[in-house]
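The values are calculated or read from the model by the stated rules, or taken from the named source; none is laboratory data. Here the structure is a predicted model, which means the values were calculated and not measured. Cβ placement follows ideal geometry from the backbone for every residue including glycine, while neighbour counts extend to all protein chains displayed. Accessible surface areas use protein heavy atoms only, side chains included; no ligands, DNA or RNA. Shrake-Rupley method; radii C 1.70, N 1.55, O 1.52, S 1.80 Å.
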Amino acid sequence: MAVLTDRPAPVARRADRGPRARVNRFLGYGVLIFFGLVFLYPFVIQLANSLKTEPDAAANPLSPVPDPLTLAGFERIFAGTAFPLWLGNSLLVTVVVTLGRVFLDSLAGYALARLRFRGRAGLFAAVIAVMAVPGVVLLIPKFLVLKQIGLYDSYAGLIVPLLADAAGVFIMKQFFESIPVSMEEAARIDGAGVFRTFWSVVLPMARPALITLTILSFQGSWNEFPHSLVSVQDPDLFTLPRGLADLVSGSLGKGTQYPLKLGAALLATIPVAVLFVIFQRYFVRGANEGADKG
Amino acid sequence: MATDTLAAPGTAPAGPPRRRTGGIRSNENVAGWLFVAPVILILGLFMLLPILMALWVSLTGWNGQGSPFTGDVPFVGGDNYSRLFTEDGLARRDFMTAIRNNIYYVGIVVPVQTVLALGLALVVNNRLLKGKGFFRSAFYFPSVTSSVAISVVFLFLFANSGAVNRLLGLLGMDGPEWFADGRGVLHLLLGAFGVDSPPAALTSGGPFGLTWWDWLSGPSVAMTSIICLVIWTTSGTFMLMYLAALQNVPVALDEAGMLDGASRWQRFRYVTLPLLKPTTFLVVTLGLIGSWQVFDQVYVMSQGDPAKTTLTPAYLSYRTAFRDFDYGSGAAISFVLFLIIIVLTLFQRRLMADRDGPRRGRWWRRRVPEGS
């Protein structure tokens, strides 16, 4: 599970041994384990309590062992809530948004990195400026536009506004700039058009960046909440986060049904958790502006 | 360049390739625009246009019926804005309460998450310890999960008979009813020193319709649990930024300090910390920008309750528009928030441009961790 590769450790010096170093190491592990528990135990509690009965969850919230162990919470998720519907909607939105984003962001990133066209510098500056727009203040504005162009309360309203993102364009541009030009020139001289060169020559070389973008888009659109809040109203169009929020604050009332709520939240977390375990370094690249590794 | 427009992308270049170097690039002008067109269209339609439309709506009294762009909608000019700042009333009271809540939220979240991120990065960067990779992942994991799902978990943790209160119980303390307790933490602290009733000077007046006593409440108990949640989710991301910076600190510098007889603390204070300065600026400004946008957690956990002490401008703008159907006021609130965040963003860009010199481009695209 190594996230970042370490520098090769210098040859151990005398300071690394001895009683002081041992105390330091002991303290270090103490800190690691303490914070490891702080960051992971909530997930343990979530899993454990989703498998408990309601009285047990209320009486022993800290215990990692369900007694008795029951799947009743999960049964009620599938039988008593619209969870399957939310799951389907989330899958649809996430898949379409991810495919669309990867394709459109690559196209635009490639054009901004490689094609010489008038207005390119201005466009790039605009993309940078768009990245500075805080998402939260766009809630009302997005609703207004969706209403005006008739996409409100539709799958298109959920999907289309998320299809392009400025940050993705930026990642792809940075990556394409790091690829040597010679390959493309060879293709061009062989008579390939711009799109052909992009599609068959450059895009296959951009695999690492494409994976990063895919992962980030998947994670982003799977977890997206505020947009679904202002783009749809019809419960048939709820995505998982929206359904979950509704489940907690609305239909079932507050303070009850914890095994069910925790189970539903757990199921919503699993896809991203699995991706994270498999593709961690791409998440890290996203957090740390991976363009420098190219 | 009329001939350029004839060649579409994806087709073979028109005519035989020309000798001039420009020949190969002849159709790039069109292709370039075609390539960026979808992105420009979407970003323009859902980022730029909305801002202009909302600016218009913030000057009207639109109630959500019909289109805001017809003559039927009352134009009120700056009224929505003046109600937030100058006119005494509920609108200003709520807005100022939200601003107060968010100021306390920012004031705790940003320093704590920065220090925690740095601390975690230092521990995880320690070459004497094994298994660091696992812990890095563990600390970062909450940052990639859904803010809504995490909020559900924290609702349970902070429930009256929840895990946090059990833990406090083990330590011999009585936990509060987190989400029902609207008392300010500073008020409670003063209460512990026997100051239960505020001095008259503080309750008699204050700026923007809130009394000084209200301004000085501190975050409420309910807000504290949201603060815990956000610090817990975001410090992992910032830890990674610090970690990346720490791995660029040359070992030689630290060793030179060691040879000069500097203590561990001195080396950290005078060697490492100054080298981390650009990262610290980045983490702090990103934290500031993110903290003014807190929304998901408030929506799921408290909806602004109890006693409006978890109300934030972002949530208030949503609530004013979509619950009270006062879209004009809601849009005005989001514009004020927009202004606050833009100022902070420009500040960050300026700082990064100054500090980071040639590497500036790398920092431009820092995304704010979701929900921070």
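Whether any residue in region B:39-57 is of a type outside the set (A, V, I, L, M) and more than 22 Å from residue A:165 (Cα to Cα) is what I want to check.
yes
Can you find, within region B:217-238, the residue that is most open to solvent (accessible area, probe 1.4 Å) among those that are more than 16 Å from the chain's Cα centre (by Cα) and under 24 Å from residue B:163 (Cβ atoms)?
Applying the first criterion (more than 16 Å from the chain's Cα centre (by Cα)) to region B:217-238 yields B:217-222, B:224-225.
From the residues that got through so far, the ones that are under 24 Å from residue B:163 (Cβ atoms) too are B:219-222, B:224-225.
Working: B:219: 15, B:220: 4, B:221: 11, B:222: 0, B:224: 39, B:225: 0 Å².
Applying the filter and picking the extreme gives B:224.
Can you report the number of residues in region A:195-214 which are facing chain B (nearest Cβ under 8 Å) and under 22 Å from the mean Cα position of the chain (by Cα)?
Result for region A:195-214: 0.
Of the conditions (1) part of a helix (DSSP H, G or I); (2) in contact (Cβ under 8 Å) with a residue 12 or more places away in the chain; (3) within 11 Å of chain B (Cβ to nearest Cβ), residue A:94 clears all except one; give me its number.
Tallying (1) part of a helix (DSSP H, G or I); (2) in contact (Cβ under 8 Å) with a residue 12 or more places away in the chain; (3) within 11 Å of chain B (Cβ to nearest Cβ), residue A:94 fails exactly one: (3).
Name the helices (runs of 4 or more DSSP H) wholly inside region A:142-189 in which the number of residues that are open to solvent by 30 Å² or more (accessible area, probe 1.4 Å) and in contact (Cβ under 8 Å) with a residue 24 or more places away in the chain is 3 or more.
A:166-178
Taking region A:238-287, which residues are aromatic (Phe, Trp, Tyr) and at pLDDT below 85? Quick ask: steps written out before the conclusion?
Here is the first cut: in region A:238-287, the ones aromatic (Phe, Trp, Tyr) are A:238, A:258, A:276, A:279, A:282-283.
If the condition is that a residue be aromatic (Phe, Trp, Tyr) and at pLDDT below 85, then A:258, A:282, A:283 are the ones that fit.
Could you list, in sequence order, the residues of region B:166-186 that are within 22 Å of residue B:216 (Cα to Cα), part of a helix (DSSP H, G or I) and open to solvent by 40 Å² or more (accessible area, probe 1.4 Å)?
Answer for region B:166-186, where residues must be within 22 Å of residue B:216 (Cα to Cα), part of a helix (DSSP H, G or I) and open to solvent by 40 Å² or more (accessible area, probe 1.4 Å): B:179, B:180, B:185, B:186.
Going by the conditions given, is residue B:336 in a helix (DSSP H, G or I), away from every other protein chain (no Cβ under 12 Å) and farther than 16 Å from residue B:226 by Cα?
no
Need the failing condition index for residue A:192 against (1) of a type in the set (A, V, I, L, M, F, W, C); (2) in contact (Cβ under 8 Å) with a residue 24 or more places away in the chain; (3) more than 7 Å from every other protein chain (Cβ to nearest Cβ); (4) surrounded by 18 or more Cβ atoms within 10 Å (Cβ to Cβ), just the number.
Looking at each condition in turn, residue A:192 falls short on (2).
Being open to solvent by 50 Å² or more (accessible area, probe 1.4 Å), in contact (Cβ under 8 Å) with a residue 40 or more places away in the chain and of a type in the set (S, T, N, Q): is that true of residue A:200 here?
Spelling it out, it is not the case that residue A:200 is open to solvent by 50 Å² or more (accessible area, probe 1.4 Å), in contact (Cβ under 8 Å) with a residue 40 or more places away in the chain and of a type in the set (S, T, N, Q).
Could you run through region A:206-230 and say how many residues are open to solvent by less than 10 Å² (accessible area, probe 1.4 Å) and in a loop (DSSP other than H, G, I, E, B)?
Residues in region A:206-230 being open to solvent by less than 10 Å² (accessible area, probe 1.4 Å) and in a loop (DSSP other than H, G, I, E, B): 2 in total.
How many residues are surrounded by 16 or more Cβ atoms within 10 Å (Cβ to Cβ) and in contact with a Lys or Arg (Cβ under 6 Å, 6 or more places away or on another chain) if we restrict to region A:90-130?
Matching residues across region A:90-130 total 3.
Looking at residue B:141 and the list (1) over 26 Å from the mean Cα position of the chain (by Cα); (2) open to solvent by 20 Å² or more (accessible area, probe 1.4 Å); (3) over 30 Å from residue B:87 (Cβ atoms), which single condition is not satisfied?
(1)
Consider region A:150-175. How many of its residues are within 11 Å of chain B (Cβ to nearest Cβ) and more than 14 Å from residue B:47 (Cβ to Cβ)?
8
Could you list, in sequence order, the residues of region B:299-351 that are open to solvent by 40 Å² or more (accessible area, probe 1.4 Å) and closer than 26 Å to residue B:283 by Cα?
Within region B:299-351, B:339, B:340, B:342, B:343, B:346, B:347, B:349, B:350 meet the criteria.
In region A:257-272, is there at least one residue being part of a helix (DSSP H, G or I), within 12 Å of chain B (Cβ to nearest Cβ) and out of contact with any helix residue (DSSP H, G or I) (no Cβ under 9 Å at 6 or more places or on another chain)?
yes
In region B:77-106, what residues are over 30 Å from residue B:225 (Cβ atoms) and either in a helix (DSSP H, G or I) or open to solvent by 50 Å² or more (accessible area, probe 1.4 Å) (or both)?
Passing the criteria: B:79, B:80, B:81, B:82, B:83, B:85, B:86, B:87, B:88.
Does region B:310-319 contain at least one residue that is under 29 Å from residue A:173 (Cα atoms) and either charged (D, E, K, R) or modelled with pLDDT of 85 or more (or both)? Even if it seems obvious, please write down each step before you answer.
Taking region B:310-319 first, the residues under 29 Å from residue A:173 (Cα atoms) are none.
The answer is no, given that none of the residues of region B:310-319 is under 29 Å from residue A:173 (Cα atoms) and either charged (D, E, K, R) or modelled with pLDDT of 85 or more (or both).
Run down B:74, B:68 and say which single residue is closer than 24 Å to residue A:145 by Cβ and open to solvent by 30 Å² or more (accessible area, probe 1.4 Å).
Just one listed residue meets the conditions, B:74.
Quickly run through region B:262-301 and pick out the residues that are part of a helix (DSSP H, G or I), over 22 Å from the mean Cα position of the chain (by Cα) and among the hydrophobic types (A, V, I, L, M, F, W, C). Don't jump to the end; show me each part of the working.
Filtering region B:262-301 down to residues part of a helix (DSSP H, G or I) leaves B:264-275, B:277-291, B:296-301.
Applying the additional criterion that residues be over 22 Å from the mean Cα position of the chain (by Cα) yields B:264-275.
Residues satisfying the conditions are B:265, B:268, B:271, B:273, B:275.
How many residues are over 23 Å from the mean Cα position of the chain (by Cα) and either at the interface with another protein chain (Cβ under 7 Å from one of its Cβ atoms) or farther than 21 Å from residue A:209 by Cβ (or both) when one looks only at region A:113-140?
12
Condition test on residue B:54, is it outside any loop (DSSP other than H, G, I, E, B), within 14 Å of chain A (Cβ to nearest Cβ), open to solvent by less than 50 Å² (accessible area, probe 1.4 Å) and hydrophobic (A, V, I, L, M, F, W, C)?
Working: outside any loop (DSSP other than H, G, I, E, B): yes; within 14 Å of chain A (Cβ to nearest Cβ): yes; open to solvent by less than 50 Å² (accessible area, probe 1.4 Å): yes; hydrophobic (A, V, I, L, M, F, W, C): yes.
For residue B:54, the condition - outside any loop (DSSP other than H, G, I, E, B), within 14 Å of chain A (Cβ to nearest Cβ), open to solvent by less than 50 Å² (accessible area, probe 1.4 Å) and hydrophobic (A, V, I, L, M, F, W, C) - is met.
What tally of residues in region A:28-56 results from selecting those that are among the small types (Gly, Ala, Ser) and at the interface with chain B (Cβ under 8 Å from one of its Cβ atoms)?
Selection size over region A:28-56: 2.
With the checklist (1) open to solvent by 40 Å² or more (accessible area, probe 1.4 Å); (2) touching a helix residue (DSSP H, G or I) at 6+ places or on another chain (Cβ under 9 Å); (3) at pLDDT below 60 in hand, flag the one item residue B:63 doesn't pass.
(3)
Any idea which of (1) modelled with pLDDT of 85 or more; (2) open to solvent by 40 Å² or more (accessible area, probe 1.4 Å) is the one residue B:39 doesn't satisfy?
Against the list (1) modelled with pLDDT of 85 or more; (2) open to solvent by 40 Å² or more (accessible area, probe 1.4 Å), residue B:39 comes up short only on (2).
Quick check on region B:280-295. Is at least one of its residues touching a Leu at 6+ places or on another chain (Cβ under 8 Å) and free of Cβ contacts under 8 Å to residues at least 60 places away in the same chain?
The answer is no; no qualifying residue exists.
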